[in-house]
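The values are calculated or read from the model by the stated rules, or taken from the named source; none is laboratory data. Bear in mind the structure is a predicted one, so any value in this text is a computation, not a measurement. As a convention, Cβ positions derive from the backbone with ideal geometry for all residues, glycine included, and neighbour counts pool all protein chains shown.
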Amino acid sequence: MILAFDTSTAACTAALFDEGGECIASADELIGRGHAERLVPMLGELLAGRSASTVLVGVGPGSFTGIRVAIAAAHGLAIGWNAKVFGFSSLALLAASSGIDGDVAAVMTGGHGEMFVQQFDVELQPGADVLNLPPAAAAEALSADIVAGPGAGAIVEARGSGRAIDAWPSASNVLRLPESLRSLAPSPVYARAPDAKIRSAA
């Protein structure tokens, strides 16, 4: 079986797939904060004593803390089960969860009033690299009429046109992603430098 989960946003989402790729269990909760406390119990409820041969984990960009929580859990489970572990693009999952069958720009709120943005086509192939920009600059960088995700409204407002969808990632859509976007290294993709910096030796 395949277990997938993502905690890069205020949502905590997980899904379990059988060997044929059919989703046999899923859970989606909008919790805000507290992923470290909620993720493991959610996975326990979802698995109900089962294990997986492959673990897929959202590697970002998004919440620094959320990403680290998910990746640590993925590595722990993979060790316990002797399973394979891969990362997947959290923005691609957001695009796949938007319900849009066409070009869509996926948007997550970042720090300091900026946004993580990336545009995808109908096959969920990225049109460009992940960008980390203020809403006005992000609006200029995106050409898709539809913008999906937390913070989408700010992009559409800055641009003065388009349609905003208040979507959240759902792990039940992870197998819709192109292979290249769900076979990433299981390590964080921050898209910008963390705020906390290690002091250099004097």
Notebook entry, point to check: If we scan region 19-28, do we find a residue that is outside any strand (DSSP E or B) and polar (S, T, N, Q)?
Noted result: no
Next item on the list: Under 9 Å between Cβ atoms, at least 6 apart or on separate chains: pull out the pairs that start in region 64-91 with a residue that is farther than 16 Å from Gly44 by Cβ and of a type in the set (D, E, K, R) and end on any residue that is at pLDDT 95 or above and surrounded by fewer than 16 Cβ atoms within 10 Å (Cβ to Cβ).
Entry: Lys84/Ser53
Item checked: Restricting region 28-70 to residues that are under 15 Å from Phe17 (Cα atoms) and hydrophobic (A, V, I, L, M, F, W, C), the residue that is surrounded by the most Cβ atoms within 10 Å (Cβ to Cβ) -> Val57
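Go through the residues of region 58-65 one by one and say whether even a single one is part of a helix (DSSP H, G or I) and either on the phi < 0 side of the Ramachandran plot or of a type in the set (Val, Ile, Thr) (or both).
Filtering region 58-65 down to residues part of a helix (DSSP H, G or I) leaves 64-65.
Filter once more, keeping what is either on the phi < 0 side of the Ramachandran plot or of a type in the set (Val, Ile, Thr) (or both): 64-65.
Yes, some residue in region 58-65 is part of a helix (DSSP H, G or I) and either on the phi < 0 side of the Ramachandran plot or of a type in the set (Val, Ile, Thr) (or both).
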Check: Would you pick out the residues in region 71-127 that are farther than 24 Å from Pro178 by Cβ and surrounded by fewer than 18 Cβ atoms within 10 Å (Cβ to Cβ)?
Finding: Ala72, Gly76, Ile79, Gly80, Trp81, Asn82, Gly111, His112, Gly113
Note to self: Can you go through Ala95, Ala73, Ala105, Ala78 and tell me which one is in a helix (DSSP H, G or I), within 17 Å of Ala167 (Cβ to Cβ) and at pLDDT 95 or above?
What the structure shows: Ala95
Check: Based on what the data block shows, is Ala48 among the small types (Gly, Ala, Ser) and either modelled with pLDDT under 95 or at positive phi (or both)?
Finding: yes
Check: Taking Val85, is it in contact with a strand residue (DSSP E or B) (Cβ under 7 Å, 6 or more places away or on another chain), among the β-branched types (Val, Ile, Thr) and modelled with pLDDT under 95?
Finding: no
Checklist line | Complete set of residues in region 75-92 that are of a type in the set (Gly, Ala, Ser) and more than 18 Å from Glu19 (Cβ to Cβ) | finding: Gly76, Gly80, Gly87, Ser89, Ser90, Ala92
Check: Out of the residues in region 145-186 that are modelled with pLDDT of 95 or more and surrounded by fewer than 13 Cβ atoms within 10 Å (Cβ to Cβ), which is nearest to Ala73 (Cα to Cα)?
Finding: Ala185
